[in-house]
Every structure is written in C-alpha cells, then in structure tokens.
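Presented below is the structure to which this report refers.
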C-alpha cells in the first residue's frame, strides 16, 4: 500500500483509543514509519538513475521485527498517557503495515515485494503472498476511498481529522470552512 493509505489507516486506528492528539500522532507516525526505508527513491531520482537505493533497501530496514520493536519503544518513550498501550498499539500498527504491504504492494514489473521479517539477522525468511496485487491496482484504490470516507465520518463526529497530524491550526481551519460550506448550502 502507499504511505498515504498507511497514514490514514493508522490515524483511524488511533482515534477510538485516544482522546489525546499527541498519542494519535505517535501512533499515526508509527504506522507509516516502516516506509522510512523507501527514502532511497529520493536519492535515486536526484542521482538521475545512477543509484538504485530504493530497490536495494526498501522492505529491509523498516520492514522487520527489530524495527517494529524499535518503533514501539520510541512510541512508549514519547507517549504521555497509557504508555504501555501506546507501545503495544504501535507494534500492532507496524505489523498492520507489513500485512498491507504483503497483500497489496506488488511492483508494476510483477515483483512481489517480500518482507524480510528477521533482517538483519536472517535475510532468508521472506514473508510474501502469491496473490499480492499491484500497488496501483483497484483494490488499493477501493481501500483508500473507504479509508477516506470513514475518515470524513469520524472527522464530522469528532470535529478533528487526520490533518491534525500535520497541523492543528490547518485542521481547525478545514472545519471552519466545512461549517461555512454546510451553512451556505442548507
């Protein structure tokens, strides 16, 4: 799945569990954190194709058990309330990320992106699924549409949205604009 889908899915997972924005942000970031190992794509683009860091390292450094443990410990250390719950949920969200990638992240060339779960200790354990669909396949589009629809419903009910992760002020402005739009059109 694309990082945006992981972002929204992680935020939605945190909303029913925490009233505190800080904990929702921590968990949202935990859920997208495995894709940190995809940053090589930026260097590859800037190098004009002289490097191949994305394909060499994506699904290695951030997509393994040890990274999940590391992120969980970080989440614990940054949380203000329910630290153990935040740690446990962060661990689960990182694994949800892995599962989603195993299901729907096949490359356009048909390459099944495996998860090297015990990397760097053991590179031979590859988690993959023969039914993996392409990253840009229709099931991922449907999942993203459903996530956005649920996010919209949650946002209307809670009066905050996943925009809060980026900027609480921007989130508030979005609701002011939404209320103006609704008032004008009813």
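The numbers here are math on the coordinates, done by the rules we state, and not lab data. All figures in this text were calculated on a predicted structure; none of them were measured in a lab. So basically every Cβ, Gly included, is an ideal-geometry build from the backbone, and we count neighbours across all protein chains shown.
Quick rundown of the values:
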| read-out | value |
| --- | --- |
| Percent RCO, i.e. relative contact order, over the chain, from Cα pairs under 8 Å lying at least 6 residues apart | 20 |
| Euclidean distance of C-alpha centroids, the stretch 124-156 and the stretch 31-77, integer Å | 19 |
| Ranked list, fewest to most other Cβ atoms within 10 Å of each Cβ, for 127, 46, 147 | 46, 127, 147 |
| Proxy reagent accessibility, fewest Cβ within 10 Å first, across 9, 146 | 146, 9 |
| Order of 101, 35, 109 under a 10 Å beta carbon neighbour criterion, fewest first | 109, 35, 101 |
| Most mobile listed residue (138, 129, 11) in the chain, GNM with C-alpha springs under 10 Å | 138 |
| Residue among 131, 49, 110 with the largest mean-square fluctuation in a Gaussian network model of the chain, springs linking Cα atoms under 10 Å | 49 |
| Extension reserve of the residue 99-residue 21 stretch, reckoned as 0.36 nm per residue once the Cα distance is removed | 25.5 nm |
| Inter-label distance for residue 39 and residue 166, nm, one decimal - labels placed 7 Å from Cα along Cα-to-Cβ | 2.0 |
| Top of 79, 155, 174 by mean-square fluctuation, Gaussian network on the chain, Cα under 10 Å | 174 |
| Cα→Cβ-extended label distance, 7 Å offset, between residue 56 and residue 112, nm | 2.6 |
| Hypothetical label at residue 70: residues of the stretch 93-136 whose amide nitrogen lies under 12 Å (7 Å Cα-Cβ projection) | 119-121 |
